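The values are calculated or read from the model by the stated rules, or taken from the named source; none is laboratory data. What you see is a predicted model; the values in this text were computed from it and never measured. Here the Cβ is made from the backbone with ideal geometry for all residues, glycine too, and neighbour counts use every protein chain on show. Each accessible area value is taken on the protein alone, full model and side chains, heavy atoms only, with ligands, DNA and RNA left out. Shrake-Rupley method; radii C 1.70, N 1.55, O 1.52, S 1.80 Å.
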Amino acid sequence: MQKKFNKYIKTLHLPEKSKILLAVSGGADSVAMLKLFENSKFTIGIAHCNFHLRGEESDLDEKYVKELSETYETEYFRIDFDTKKYSKEKGISIEMAARELRYTWFEKIREENNYDFIATAHHKDDIIETFFINLARGTGIRGLTGINAVNDKIIRPLLFADREEIIEYLKKDGIKFRTDSSNSDVKIMRNKFRHEILPAFREVNTAFSNKILETISYLKQTETVLNQEVSNVIDDVLKTHNQIIFIDIKKLQKYSPTKLFLYEILKTYSFNNKQVDDIYETLDKNAGKQFFSETHKLIKDRENLIIEKINTVSENEIIINKDDELIQISDNQYIKINIFNKNANYKIKKSKKTATFDFNKIKYPLTIRNWQKGDYFYPFGMNKKKKLSNFFIDEKISIIEKEKIKILVSEEKIAWIIGYRTDNRFKITEKTKKIIEFDLIKSS
C-alpha cells in the first residue's frame with residue numbers, strides 16, 4: 001500500500017517540500033491517509049471538525065484524532081460546528097452544510113498556517129458513488145467525470161485505492177480507526193447507493209467497479225474534447241464590444257446540437273438549464289424577449305443574443321484615484337485613505353467603519369457605487385461567495401437602510417460593503433508588505 005501511495009503521489013506533481021494539511025475524521029480512510037503520509041517526505045498537519053451530529057460519538061472521534069496527532073507528533077487543529085443551525089439558516093441539507101463549513105475552515109487554516117495543500121481521503125469507491133448520485137439527481141457530462149485528484153489547493157491522494165484495500169491495509173498493520181454509525185443509515189442517499197444499489201450491480205458483474213471507472217475515464221476525455229469544441233464555437237459566434245456580449249444567432253444555429261453549445265456558453269453568465277431551454281425556444285421568434293440570471297441580462301435581438309452585466313453602470317459612481325486621500329461619499333460622510341508599510345506592531349482596527357486591505361491586491365482606479373441586483377462578495381473569513389441581497393437579509397437591514405448602502409469596488413470585485421463587511425479576497429496576510437486603510441468618517 002505504501003509503495004502504491006508513493007507512486008501515485010508522484011503523479012500529482014507536488015513540490016518536494018510541500019506542507020500538507022490532512023483532513024482527518026478518525027474513520028478508516030483518513031486514518032490510512034495519515035499513516036501513509038507519516039511515512040512520506042512531506043510535512044503534515046491534522047485538521048479535525050466536530051460537527052456535533054452524533055452526540056458522544058462525535059466527541060470520541062475528536063478525542064481519537066487528537067491522540068493520533070500526539071502519536072505522530074503533528075500540528076493539530078480542531079473546530080466545533082453547529083451544523084444543524086447552519087443548515088437551517090442557509091436552507092440547505094446537513095450534508096451540504098457540513099461540506100461548506102469544513103472546506104471554508106480548512107482553507108482558513110491552510111492560509112493562516114502556510115500549508116500548501118489540503119488533503120482529503122476520497123478513494124475509488126467515492127468516485128463511483130458520486131457518479132451515481134449525480135446521475136440520479138440529473139447532471140451534465142461534468143457531473144459524471146469523477147473526482148479530480150488535484151483541484152487548486154485540494155488534493156486527493158487515495159484515489160488509487162478502494163475501500164476494501166484501505167481496510168485491509170489498516171487491519172494488517174493493526175491500526176485502529178473509528179466507525180461512523182450514520183454510515184449505515186440508508187435514508188442518506190450516498191449510503192443507499194453504497195449498501196444496496198451498487199452491491200446489486202456487483203452481483204450482476206464482478207468487474208463492475210473497474211468498468212465504471214473506465215467509463216468515467218472515457219467521459220473525462222470526452223469532456224476535454226467538448227470543451228475544446230465549445231471554445232472554437234465561442235471564438236466564431238461571440239463578440240464583445242464595450243463590455244456588451246453579442247452572440248450571432250445564425251452562426252450559432254449552424255452548430256449541432258445548438259442547445260448544448262448555447263448552454264455551455266450561457267452558463268458562464270449564470271443562466272441555468274431552464275433559462276437556456278426558454279432562450280433556445282426564442283431563437284427563431286420575434287426580437288425583444290428578455291431573460292435575467294443573477295448577474296446578467298440577456299436580450300433576444302433580431303440577429304444576436306445580447307448579454308450585459310446587470311446595472312454595470314451606476315448613476316452615482318465615485319472614482320478614487322491613486323493620489324486621493326479624502327473622498328466625500330454623501331452630504332456628511334467621507335472616506336479617509338491611508339497607505340503605509342506593514343510592521344510588527346501593526347494591529348487591524350476592529351471596526352465596521354474601517355476597512356484594511358493588502359495594498360498590492362487593490363487595483364486603481366477604485367469605484368464607490370450603490371449596490372446592485374446580482375452583486376456578490378466573499379465575506380471576510382470565508383472562501384464562498386454570497387449575494388449581497390442574502391447578506392442584507394442575514395444582517396436584518398431594512399429597505400430604507402439598504403437603499404443607502406454603498407460599496408467599494410476594485411476591478412469589478414467588491415472589496416468593502418461600506419460600514420458593514422470587507423471581502424476576504426483583499427485581506428492582509430503574513431505576506432502583506434504594504435497596507436491601505438479606509439476610514440469612514442462623519443463631518444461635524
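Odds and ends about this structure:
- Of all the residues in segment 223-239, those that are modelled with pLDDT of 95 or more and under 18 Å from I127 (Cα atoms) number 0.
- Check on E38, open to solvent by 50 Å² or more (accessible area, probe 1.4 Å), under 23 Å from G174 (Cβ atoms) and acidic (D, E): yes
- Verdict on I118 being in a helix (DSSP H, G or I) and either on the phi > 0 side of the Ramachandran plot or out of contact with any Pro (no Cβ under 7 Å at 6 or more places or on another chain) (or both): no
- When each of I127, I92 is tested for being among the hydrophobic types (A, V, I, L, M, F, W, C) and more than 19 Å from N183 (Cα to Cα), the lone residue that passes is I92.
- Options D301, D277, D323; residue that is open to solvent by less than 80 Å² (accessible area, probe 1.4 Å), modelled with pLDDT under 90, more than 24 Å from the chain's Cα centre (by Cα) and of a type outside the set (S, T, N, Q): D301
- Pairs linking a residue in segment 200-227 that is of a type in the set (D, E) to a residue that is part of a helix (DSSP H, G or I), with Cβ atoms under 7 Å and 6 or more positions apart or on different chains, are E223/I141; E223/R142.
- Residue match in segment 100-113 (condition: open to solvent by less than 60 Å² (accessible area, probe 1.4 Å), under 22 Å from A28 (Cβ atoms), in contact (Cβ under 8 Å) with a residue 24 or more places away in the chain and not in a strand (DSSP E or B)): yes
- Segment 41-62, residues that are touching a residue at least 12 places away in the same chain (Cβ under 8 Å) and among the polar types (S, T, N, Q): T43, N50
- Among the residues making up segment 147-195, those that are among the β-branched types (V, I, T), over 22 Å from E214 (Cα atoms) and either touching a residue at least 60 places away in the same chain (Cβ under 8 Å) or crowded, with 16+ Cβ neighbours inside 10 Å (or both) are I154, I167, I175, T179, I188.
- Per the conditions (1) in a helix (DSSP H, G or I); (2) at pLDDT 95 or above, the sole criterion not satisfied by K85 is (2).
- Taking segment 83-98 as the range and being without any contact (Cβ under 8 Å) to a residue 24 or more places away in the chain, within 19 Å of G55 (Cα to Cα) and surrounded by 13 or more Cβ atoms within 10 Å (Cβ to Cβ) as the test, the residues that pass are Y86, S87, A97.
- The residue that is surrounded by the fewest Cβ atoms within 10 Å (Cβ to Cβ), among those in segment 245-260 that are closer than 16 Å to R302 by Cβ and not acidic (D, E), is K250.
- Tabulated pairs, segment 274-295, first closer than 23 Å to L388 by Cα, second in a loop (DSSP other than H, G, I, E, B) and open to solvent by 50 Å² or more (accessible area, probe 1.4 Å), C-beta under 6 angstrom, 6+ apart or interchain: S293/S270; E294/S270; T295/S270
- Test: residue in segment 266-278 that is touching a Lys or Arg at 6+ places or on another chain (Cβ under 9 Å), at negative phi and of a type in the set (A, V, I, L, M, F, W, C): yes
- Any hit, segment 229-237, residues being buried (at least 17 other Cβ atoms within 10 Å of the Cβ), over 30 Å from G55 (Cα atoms) and in contact with a His (Cβ under 9 Å, 6 or more places away or on another chain): no
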